[in-house]
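All remarks here apply to the structure that follows.
The values are calculated or read from the model by the stated rules, or taken from the named source; none is laboratory data. Just so you know, these numbers come straight off a predicted model, no measurement behind them. Cβ placement follows ideal geometry from the backbone for every residue including glycine, while neighbour counts extend to all protein chains displayed. Side chains included, ligands, DNA and RNA excluded: accessible areas come from the protein's heavy atoms. Shrake-Rupley method; radii C 1.70, N 1.55, O 1.52, S 1.80 Å.
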Amino acid sequence: MKPDKLTAIVIFDIDGVIRDVGNSYRRAIADTVEHFTSNAWRPTLDDIDLLKSEGIWNNDWKVSQELTYRYFESIGKLRSEIALDYPEIVNFFQGRYRGKNAECFDGYITQEPLLISVDYLQKLSDRAIGWGFFSGATRGSAEYVLKKRLGLEETVLVAMEDAPSKPDPTGLFAAIAQINFNSSCPVFYLGDTVADMYTVVRARQIRAQRDWIGIGILPPHVQSSSSKKTAYTETLVEAGATAVFDNVEEFNVKAMEQTLSHLKKN
(Lines give C-alpha, C1' and ligand atoms only; values in the text may rest on other atoms or scores of the structure.)
Protein backbone atom coordinates (compact mmCIF):
# COMPACT_ATOMS: atom_id res chain seq x y z
CA MET A 1 0.00 0.00 0.00
CA LYS A 2 1.49 3.34 -1.10
CA PRO A 3 -0.25 6.53 0.11
CA ASP A 4 1.32 9.91 -0.67
CA LYS A 5 1.84 10.93 2.95
CA LEU A 6 2.73 8.23 5.46
CA THR A 7 2.64 8.13 9.23
CA ALA A 8 4.64 4.86 9.32
CA ILE A 9 5.65 1.90 7.19
CA VAL A 10 5.11 -1.72 8.23
CA ILE A 11 7.00 -4.46 6.41
CA PHE A 12 5.97 -8.04 7.14
CA ASP A 13 7.94 -11.23 6.95
CA ILE A 14 5.66 -13.98 5.65
CA ASP A 15 6.54 -17.38 7.13
CA GLY A 16 5.50 -17.62 10.76
CA VAL A 17 3.96 -14.13 10.59
CA ILE A 18 1.42 -14.14 7.75
CA ARG A 19 1.03 -17.91 7.60
CA ASP A 20 1.69 -20.79 9.98
CA VAL A 21 4.48 -22.90 8.49
CA GLY A 22 4.94 -25.31 11.40
CA ASN A 23 3.34 -28.13 9.42
CA SER A 24 4.60 -27.08 6.00
CA TYR A 25 8.06 -25.51 5.65
CA ARG A 26 9.32 -27.01 8.87
CA ARG A 27 7.72 -30.35 8.07
CA ALA A 28 9.47 -30.25 4.68
CA ILE A 29 12.78 -29.53 6.43
CA ALA A 30 12.29 -32.56 8.69
CA ASP A 31 11.30 -34.75 5.73
CA THR A 32 14.36 -33.64 3.78
CA VAL A 33 16.84 -34.23 6.58
CA GLU A 34 15.28 -37.60 7.32
CA HIS A 35 15.59 -38.58 3.66
CA PHE A 36 19.22 -37.49 3.26
CA THR A 37 20.26 -39.18 6.51
CA SER A 38 18.67 -42.41 5.23
CA ASN A 39 15.98 -42.25 7.92
CA ALA A 40 18.58 -42.09 10.69
CA TRP A 41 17.42 -38.75 12.12
CA ARG A 42 14.37 -36.53 11.89
CA PRO A 43 14.86 -33.07 13.45
CA THR A 44 12.19 -31.72 15.76
CA LEU A 45 10.76 -28.20 15.65
CA ASP A 46 13.06 -27.40 18.56
CA ASP A 47 16.09 -28.62 16.59
CA ILE A 48 15.13 -26.35 13.70
CA ASP A 49 14.52 -23.38 16.00
CA LEU A 50 17.90 -23.91 17.65
CA LEU A 51 19.67 -23.68 14.29
CA LYS A 52 17.65 -20.64 13.23
CA SER A 53 18.49 -18.92 16.52
CA GLU A 54 22.03 -18.54 15.19
CA GLY A 55 20.62 -15.74 13.06
CA ILE A 56 22.07 -16.69 9.67
CA TRP A 57 19.78 -19.52 8.53
CA ASN A 58 16.93 -17.89 6.65
CA ASN A 59 16.92 -20.19 3.61
CA ASP A 60 15.17 -23.45 4.50
CA TRP A 61 16.94 -25.37 1.73
CA LYS A 62 20.23 -24.46 3.38
CA VAL A 63 18.74 -25.23 6.79
CA SER A 64 17.97 -28.74 5.53
CA GLN A 65 21.51 -29.10 4.20
CA GLU A 66 23.11 -27.79 7.38
CA LEU A 67 21.07 -30.02 9.69
CA THR A 68 22.02 -33.00 7.55
CA TYR A 69 25.70 -32.07 7.75
CA ARG A 70 25.49 -31.63 11.50
CA TYR A 71 23.88 -35.02 11.96
CA PHE A 72 26.74 -36.73 10.15
CA GLU A 73 29.28 -34.66 12.10
CA SER A 74 27.61 -35.84 15.31
CA ILE A 75 28.45 -39.44 14.39
CA GLY A 76 32.05 -38.62 13.58
CA LYS A 77 32.06 -37.89 9.87
CA LEU A 78 33.72 -34.92 8.15
CA ARG A 79 31.78 -32.75 5.74
CA SER A 80 34.25 -33.63 3.03
CA GLU A 81 33.21 -37.27 3.43
CA ILE A 82 29.51 -36.54 2.95
CA ALA A 83 28.17 -36.62 -0.60
CA LEU A 84 25.34 -34.08 -0.45
CA ASP A 85 24.04 -32.61 -3.70
CA TYR A 86 22.43 -29.25 -3.00
CA PRO A 87 20.16 -29.23 -6.08
CA GLU A 88 18.87 -32.65 -5.03
CA ILE A 89 18.10 -31.26 -1.56
CA VAL A 90 16.22 -28.35 -3.11
CA ASN A 91 14.23 -30.61 -5.44
CA PHE A 92 13.28 -33.03 -2.68
CA PHE A 93 12.26 -30.18 -0.36
CA GLN A 94 10.19 -28.50 -3.06
CA GLY A 95 8.47 -31.77 -3.87
CA ARG A 96 7.26 -31.96 -0.29
CA TYR A 97 6.50 -28.28 0.26
CA ARG A 98 5.27 -27.05 -3.11
CA GLY A 99 4.19 -30.41 -4.47
CA LYS A 100 4.99 -32.84 -7.24
CA ASN A 101 3.37 -30.77 -9.98
CA ALA A 102 5.49 -27.72 -10.77
CA GLU A 103 2.55 -26.04 -12.48
CA CYS A 104 0.13 -26.49 -9.60
CA PHE A 105 0.72 -26.15 -5.86
CA ASP A 106 -0.42 -29.37 -4.24
CA GLY A 107 2.05 -29.94 -1.38
CA TYR A 108 2.22 -28.88 2.25
CA ILE A 109 1.81 -25.24 1.18
CA THR A 110 -1.91 -25.86 0.67
CA GLN A 111 -2.35 -26.68 4.37
CA GLU A 112 -0.99 -23.46 5.90
CA PRO A 113 -3.37 -21.60 8.25
CA LEU A 114 -3.45 -17.84 7.67
CA LEU A 115 -2.41 -15.59 10.55
CA ILE A 116 -3.59 -12.26 9.12
CA SER A 117 -6.73 -10.83 7.54
CA VAL A 118 -7.24 -8.35 4.73
CA ASP A 119 -9.32 -6.29 7.15
CA TYR A 120 -6.25 -5.75 9.33
CA LEU A 121 -4.27 -4.49 6.35
CA GLN A 122 -7.12 -2.20 5.33
CA LYS A 123 -7.11 -0.62 8.79
CA LEU A 124 -3.43 0.21 8.31
CA SER A 125 -4.20 1.82 4.96
CA ASP A 126 -7.03 3.82 6.51
CA ARG A 127 -4.51 5.37 8.93
CA ALA A 128 -2.01 6.24 6.18
CA ILE A 129 0.34 3.44 7.20
CA GLY A 130 2.18 1.96 4.24
CA TRP A 131 2.77 -1.77 4.17
CA GLY A 132 4.46 -4.48 2.17
CA PHE A 133 6.34 -7.77 2.46
CA PHE A 134 9.98 -8.83 2.62
CA SER A 135 10.43 -12.58 2.84
CA GLY A 136 13.01 -15.28 2.33
CA ALA A 137 10.33 -17.39 0.65
CA THR A 138 10.47 -17.90 -3.10
CA ARG A 139 8.34 -15.51 -5.12
CA GLY A 140 6.05 -18.34 -6.19
CA SER A 141 5.44 -19.42 -2.60
CA ALA A 142 4.97 -15.85 -1.36
CA GLU A 143 2.57 -14.96 -4.16
CA TYR A 144 0.59 -18.12 -3.48
CA VAL A 145 -0.35 -16.89 -0.01
CA LEU A 146 -0.63 -13.20 -0.89
CA LYS A 147 -2.58 -13.51 -4.14
CA LYS A 148 -4.38 -16.84 -3.98
CA ARG A 149 -5.08 -17.03 -0.24
CA LEU A 150 -5.43 -13.34 0.71
CA GLY A 151 -6.51 -11.94 -2.64
CA LEU A 152 -3.83 -9.22 -2.72
CA GLU A 153 -3.27 -8.79 -6.44
CA GLU A 154 -1.21 -5.61 -6.18
CA THR A 155 1.19 -5.41 -3.27
CA VAL A 156 4.83 -4.68 -2.53
CA LEU A 157 6.81 -7.92 -2.26
CA VAL A 158 10.54 -8.53 -2.07
CA ALA A 159 11.15 -12.29 -2.17
CA MET A 160 14.13 -14.68 -2.20
CA GLU A 161 14.97 -14.02 -5.82
CA ASP A 162 14.97 -10.24 -5.37
CA ALA A 163 17.55 -9.60 -2.64
CA PRO A 164 20.32 -11.18 -0.55
CA SER A 165 19.26 -13.39 2.32
CA LYS A 166 18.52 -11.89 5.71
CA PRO A 167 20.03 -10.50 7.90
CA ASP A 168 21.25 -8.39 4.97
CA PRO A 169 18.75 -5.45 4.95
CA THR A 170 18.92 -4.83 1.20
CA GLY A 171 15.49 -6.39 0.67
CA LEU A 172 14.01 -4.32 3.47
CA PHE A 173 15.34 -1.15 1.86
CA ALA A 174 13.95 -2.26 -1.51
CA ALA A 175 10.47 -2.86 -0.10
CA ILE A 176 10.40 0.58 1.51
CA ALA A 177 11.57 2.25 -1.69
CA GLN A 178 8.64 0.68 -3.56
CA ILE A 179 6.18 2.01 -1.01
CA ASN A 180 7.44 5.58 -0.72
CA PHE A 181 11.03 6.40 -1.60
CA ASN A 182 11.03 9.94 -0.17
CA SER A 183 9.29 9.23 3.12
CA SER A 184 11.35 9.40 6.33
CA CYS A 185 8.66 8.03 8.62
CA PRO A 186 9.39 5.19 11.08
CA VAL A 187 9.70 1.64 9.74
CA PHE A 188 8.47 -1.44 11.59
CA TYR A 189 9.66 -4.85 10.48
CA LEU A 190 7.59 -7.74 11.80
CA GLY A 191 9.33 -11.11 11.88
CA ASP A 192 9.51 -14.35 13.80
CA THR A 193 13.23 -15.19 13.73
CA VAL A 194 16.55 -13.94 15.00
CA ALA A 195 17.59 -13.19 11.41
CA ASP A 196 14.58 -10.88 11.08
CA MET A 197 15.61 -8.90 14.14
CA TYR A 198 19.25 -8.80 13.03
CA THR A 199 18.00 -7.34 9.73
CA VAL A 200 16.54 -4.38 11.61
CA VAL A 201 19.71 -3.93 13.64
CA ARG A 202 21.79 -3.79 10.47
CA ALA A 203 19.35 -1.42 8.78
CA ARG A 204 19.72 0.92 11.76
CA GLN A 205 23.51 0.77 11.46
CA ILE A 206 23.46 1.57 7.74
CA ARG A 207 20.73 4.22 7.72
CA ALA A 208 20.86 5.65 11.20
CA GLN A 209 18.89 8.79 10.28
CA ARG A 210 15.67 6.78 10.29
CA ASP A 211 13.77 4.96 13.04
CA TRP A 212 13.94 1.19 12.47
CA ILE A 213 11.87 -0.89 14.86
CA GLY A 214 11.95 -4.69 15.04
CA ILE A 215 8.73 -6.32 16.23
CA GLY A 216 8.87 -9.99 17.10
CA ILE A 217 5.91 -12.24 16.29
CA LEU A 218 5.77 -15.60 18.02
CA PRO A 219 5.13 -18.41 15.52
CA PRO A 220 2.29 -20.72 16.57
CA HIS A 221 4.49 -23.76 17.19
CA VAL A 222 6.37 -22.08 20.08
CA GLN A 223 3.15 -21.22 21.89
CA SER A 224 2.42 -24.81 22.88
CA SER A 225 3.91 -24.25 26.34
CA SER A 226 4.68 -21.24 28.52
CA SER A 227 8.35 -22.23 28.81
CA LYS A 228 8.83 -22.37 25.05
CA LYS A 229 6.97 -19.12 24.61
CA THR A 230 9.08 -17.36 27.24
CA ALA A 231 12.36 -18.70 25.87
CA TYR A 232 11.51 -17.74 22.28
CA THR A 233 10.41 -14.26 23.38
CA GLU A 234 13.70 -13.75 25.21
CA THR A 235 15.63 -14.90 22.14
CA LEU A 236 13.88 -12.36 19.91
CA VAL A 237 14.39 -9.55 22.43
CA GLU A 238 18.08 -10.39 22.77
CA ALA A 239 18.34 -10.26 18.96
CA GLY A 240 16.90 -6.74 18.89
CA ALA A 241 13.10 -6.92 19.08
CA THR A 242 11.58 -3.80 20.65
CA ALA A 243 8.43 -5.74 21.51
CA VAL A 244 7.05 -9.24 20.95
CA PHE A 245 3.45 -10.22 20.22
CA ASP A 246 1.61 -13.54 20.09
CA ASN A 247 -0.04 -12.72 16.77
CA VAL A 248 0.58 -10.16 14.02
CA GLU A 249 -2.88 -8.59 14.41
CA GLU A 250 -2.13 -7.76 18.05
CA PHE A 251 0.28 -5.21 16.62
CA ASN A 252 -2.51 -2.85 15.64
CA VAL A 253 -2.50 0.93 15.16
CA LYS A 254 -2.80 1.55 18.90
CA ALA A 255 0.16 -0.77 19.61
CA MET A 256 2.22 1.05 16.97
CA GLU A 257 1.43 4.43 18.52
CA GLN A 258 2.30 3.15 21.99
CA THR A 259 5.59 1.71 20.73
CA LEU A 260 6.58 4.98 19.06
CA SER A 261 5.58 6.98 22.15
CA HIS A 262 7.68 4.72 24.37
CA LEU A 263 10.70 5.05 22.08
CA LYS A 264 10.43 8.85 22.05
CA LYS A 265 10.41 8.97 25.84
CA ASN A 266 13.57 6.89 25.91
**Request:** Identify, from the list 246, 192, 211, the residue that is among the acidic types (Asp, Glu), in contact (Cβ under 8 Å) with a residue 12 or more places away in the chain and more than 25 Å from residue 26 (Cβ to Cβ).
**Result:** 211
**Asked** Residue check, residue 208 against (1) closer than 21 Å to residue 62 by Cβ; (2) open to solvent by 40 Å² or more (accessible area, probe 1.4 Å), all met but one. Which one?
**Response** (1)
**Item:** Qualifying residue in segment 52-69 (condition: without any contact (Cβ under 8 Å) to a residue 24 or more places away in the chain and open to solvent by less than 10 Å² (accessible area, probe 1.4 Å))
**Value:** no
**Request:** Within segment 138-167, track down each residue that is touching a Lys or Arg at 6+ places or on another chain (Cβ under 9 Å), in a helix (DSSP H, G or I) and either open to solvent by less than 10 Å² (accessible area, probe 1.4 Å) or of a type in the set (A, V, I, L, M) (or both).
**Result:** 141, 145, 160
**Prompt:** How about segment 171-198: which of its residues are open to solvent by 10 Å² or more (accessible area, probe 1.4 Å) and touching a Pro at 6+ places or on another chain (Cβ under 8 Å)?
**Reply:** 180, 198
**Message:** One residue is enough: does segment 180-198 have a residue meeting the conditions closer than 17 Å to residue 6 by Cα and assigned to a helix (DSSP H, G or I)?
**Reply:** yes
**Lone unmet requirement of (1) touching a helix residue (DSSP H, G or I) at 6+ places or on another chain (Cβ under 7 Å); (2) part of a loop (DSSP other than H, G, I, E, B); (3) surrounded by 18 or more Cβ atoms within 10 Å (Cβ to Cβ) for residue 21** = (1)
